[in-house]
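The values are calculated or read from the model by the stated rules, or taken from the named source; none is laboratory data. All of these numbers come straight from a predicted model, not from anything done at the bench. Quick reminder, even Gly has a Cβ in these numbers, built from the backbone with ideal geometry, and neighbours come from all protein chains shown. We work out accessible area using only protein heavy atoms, side chains counted, and drop any ligands, DNA or RNA first. Shrake-Rupley method; radii C 1.70, N 1.55, O 1.52, S 1.80 Å.
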Amino acid sequence: LLQNKRTTIYCLLFLKNTRKAKMAPIPKRKTARAPPIDKLMKPAIGIGLALLAYQFMKGLTSEIPRVDMADDLALRDIFFGEGDSGKSYAVLCHDDESGIPISSVFADAYDDGSSPAEFRIMNCENKLESGKTVVERFKLDLKKRPVIFVSGAVGPPKQVPQKHLKTGAMLVKLLRNMLEPRAAKIETTQDLRSKCLDKEVCGLLMKGDKQVQKYVKDAMTNLLGQHPNVAFASVDTSLLFVKNLEEHLPEFEAGEHRFAVFKKVSGGIGKDSDRLKTSVAPLTKGVSFSTMNNLVTSVLNKSTDMIKLSTLPQLKTRTKKIEQEEKAKRQRRAEQQSRQEQKSQQSSSSTGSGAFSGDNDGSKEGRRAERERRREEHRQNNNFREKTPEEKAEMERQRRKRMEEEAAKWNIAPEDAPPEGDPVDGDGETFEETDYEDIVEDMDEDGDEDEDVMDLD
């Protein structure tokens, strides 16, 4: 009972306190009012005028030139790059009378201003001199809108795929990749031959690591612009080994780049021989724009010594075994050079007098070495220069010409010859019959003197 009484009291007290508690008043919300219209009119008018001015100035500054279809020289320059401009073009097929606005992708790419191509607009439905339209002549697909093709110095018209025509930035990126000169990437021996060795002059960058520093990339870009007629390529020598070339280059070190220039030189015997031989000029200093540019310039000016390659370089996967073979080959080459230097020092120190000198020990090989040594000394003292095959061929031609002239002096012309059957003496005079009789009488007289001979029988 006592517990029930206590519980009842606590409940009554709780109810009493809750009745006395008051809830907090809820604040009244203020209704938001719209700003007056006169305050919004001025900013709206200003924004509208700014947009109109922007569109007007954009239309004035972005006037894309149109191609005159009656100008044959301009058409041949745009289609085939036969003009002197040497430019490449990005052309939009658009008909003025159709009423269709110019493609925004093409206009945005033109306004970007960083594309290497010249932008033009052409009516591709006009007929050419052949009777075909531009669409028919170059097989353009009108279903892929907008119809844009690239031509000029890069080659005949080639339509841009539709996947690159979503935005102006994508079109500019494609034009840069197509038209800007780049160093060819080499991964196989076939790539090395087709992209570098088969060219007249080629600069090869041998990277020492996959990651190339920015200054090396900038140097290659400047080289491409400085020497547009020279082919440039790059190969990752941290993974690949250039056989038949490494022994002529500085030894490979991880992270260190190397550079060499290849050139075709005359290797034939005759003057008009078409036989060419691949030669190389390696860069012995560090890779930079100045050193690479000086090497390429010296090769073009023929002011540097070129090393003729007996075998064309090949690409192999870099392994420890190949590296050991290459080190052994370098060591043998160094030993051979040291022996040659020692021989040259001995030959220079010897006076050349006496029965035997230098390496001449009296044997056949020694005498041959002595002759070669003296020949080399004579060439050095007289600034002798080895004649080229063309010069040797010219000397042989002159010698034959002189022989023909001397032979012509000894030949008797037909008008100077005596009548047929008459003998000729040493002075060109004929023998008379009286002279012949005198000779016979002299012989008879001599015969009479010899008649007194003892008959042994």
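Grab the beta carbon distance between ASN411 and LYS320, set R0 = 51 Å, and tell me the FRET efficiency rounded to 0.05.
After rounding to 0.05, the efficiency reads 0.10.
Starting from the residue with the highest accessible area, list VAL230, VAL154 in decreasing order, probe 1.4 Å.
Output order, biggest surface exposure first: VAL154, VAL230.
Taking the Cα centre of the stretch 125-187 as origin and charging only Cβ (+1 Lys, Arg; -1 Asp, Glu), how large is the dipole, in debye to the nearest 20?
260 debye
For the pairs LYS132/LYS158; LYS207/LYS327; LYS139/LYS195, flag any whose C-alpha to C-alpha distance is greater than 23 Å.
LYS139/LYS195
Per residue of the stretch 106-118, what does 6.51 cos²θ - 1.76 cosθ + 1.60 with θ = phi - 60° give for ³J(HN,Hα)? Whole Hz please, x for Gly and Pro, Karplus curve as stated.
Listing the rounded values in order: 5, 5, 5, 5, 5, 5, 4, x, 9, 7, x, 9, 8 Hz.
Ordering GLU394, GLU63, GLU405 by how much accessible area each has at a 1.4 Å probe, largest first, what is the list?
GLU63, GLU405, GLU394
In nm, to one decimal, how far is the modelled label at SER303 from the one at ASN383, with both set 7 Å along Cα→Cβ?
1.9 nm
Along Cα→Cβ, 7 Å out, is where each label goes; now give me the distance between the ones at GLU136 and ILE102 in nm to one decimal.
Going from the GLU136 label point to the ILE102 one covers 2.9 nm.
So if we plug the beta-carbon distance of LEU276 and LEU73 into 1/(1 + (r/R0)^6) with R0 = 35 Å, what FRET efficiency do we get, rounded to 0.05?
Step by step, r from the Cβ atoms, then E = 0.45.
Kindly report the accessible area of the stretch 111-244 per residue (heavy atoms of protein chains, probe 1.4 Å, no ligands, DNA or RNA), in Å².
I get 55 Å² per residue for the stretch 111-244.
Of the accessible area of the stretch 235-332, with the probe set at 1.4 angstrom, what percent is carbon plus sulfur?
Solvent-exposed carbon and sulfur of the stretch 235-332 make up 48 percent of the total.
Amide H of PHE259 versus every other amide H placed in the peptide plane: which residues, excluding those fewer than 5 positions away on the same chain, fall under 5 Å?
MET206, LEU283
Of ASP236, ASP209, ASP96, which has the most accessible area with a 1.4 Å probe, and how do the rest follow in descending order?
Descending order: ASP96, ASP209, ASP236.
If you build the Cα gyration tensor of the stretch 103-208 and take the root of 5 times each eigenvalue, what three semi-axes come out, in whole angstrom, biggest first?
They are 32, 19, 12 Å, listed from largest to smallest.
At GLU129 and ILE64, where each label point lies 7 Å from the Cα along Cα→Cβ, what is the point-to-point distance in nanometres?
Taking the simple label geometry, GLU129 and ILE64 are separated by 2.8 nm.
If amide H atoms are built 1.01 Å from N in the plane of the peptide, which residues on other chains or at least 5 residues away come under 5 Å of the amide H of SER238?
Hits under the 5 Å cutoff: ASP209.
Residue-wise, which Karplus ³J(HN,Hα) couplings in Hz belong to the stretch 247-257, taking 6.51 cos²θ - 1.76 cosθ + 1.60, θ = phi - 60°, and x for glycine or proline?
Once rounded to whole Hz, the list reads 5, 8, 10, x, 4, 5, 9, 4, x, 9, 8.
For the stretch 120-171, which GluC sites (Glu not before Pro) pass both filters: DSSP loop (anything but H, G, I, E, B) and at most 11 other C-beta atoms within 10 Å?
Answer in residue order: GLU129.
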